[in-house]
């Protein structure tokens, strides 16, 4: 079962709180009835039973970057607007001093370079 399949199962469970199980055929189709799911199978195919208790890795939740990784991204950025947005995001988020300092330094450096051109 792919992450997308798990996410779809979670979505179905959220939309239908009365369900305790789902069945998925090899084509990725979901069923709330085991009998209907079995009718969708071809020869030699099997169903996957999915219980309501399901842990899903969300691609919407990216791995959080370390301070050093954030600073590396800031240093690699060439657009003032992007670094300014990174600074705003940091201020709204964890508000880490080292990242804010790196962003402010990079903004000054990029603005100076733009002024010199």
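All of the numbers you see were taken from the coordinates with simple rules; none came from a lab. Keep in mind that what you see is a predicted model, and the values were worked out from it rather than measured.
Contact order, relative form, for region 3-51: 35 percent (alpha carbon pairs under 8 Å, 6 or more residues apart, mean separation divided by residue count).
With the contact rule set at Cα under 8 Å and sequence spacing of 6 or more, what percent relative contact order holds for the chain? Relative contact order, the chain: 20 percent.
Shape summary: the chain maps onto an equivalent ellipsoid whose semi-axes, from the alpha-carbon gyration tensor, are 50, 15, 11 Å in decreasing order. Across region 67-116, the mean sequence separation of Cα contacts (distance under 8 Å, 6 or more residues apart), normalised by length, yields a relative contact order of 44 percent. Pull out a ≥ b ≥ c, the square roots of the eigenvalues of the alpha-carbon gyration tensor of region 3-51, then state rounded if a/c is under 1.5, prolate if not and a/b is larger than b/c, and oblate in the remaining case. The shape class here is oblate.
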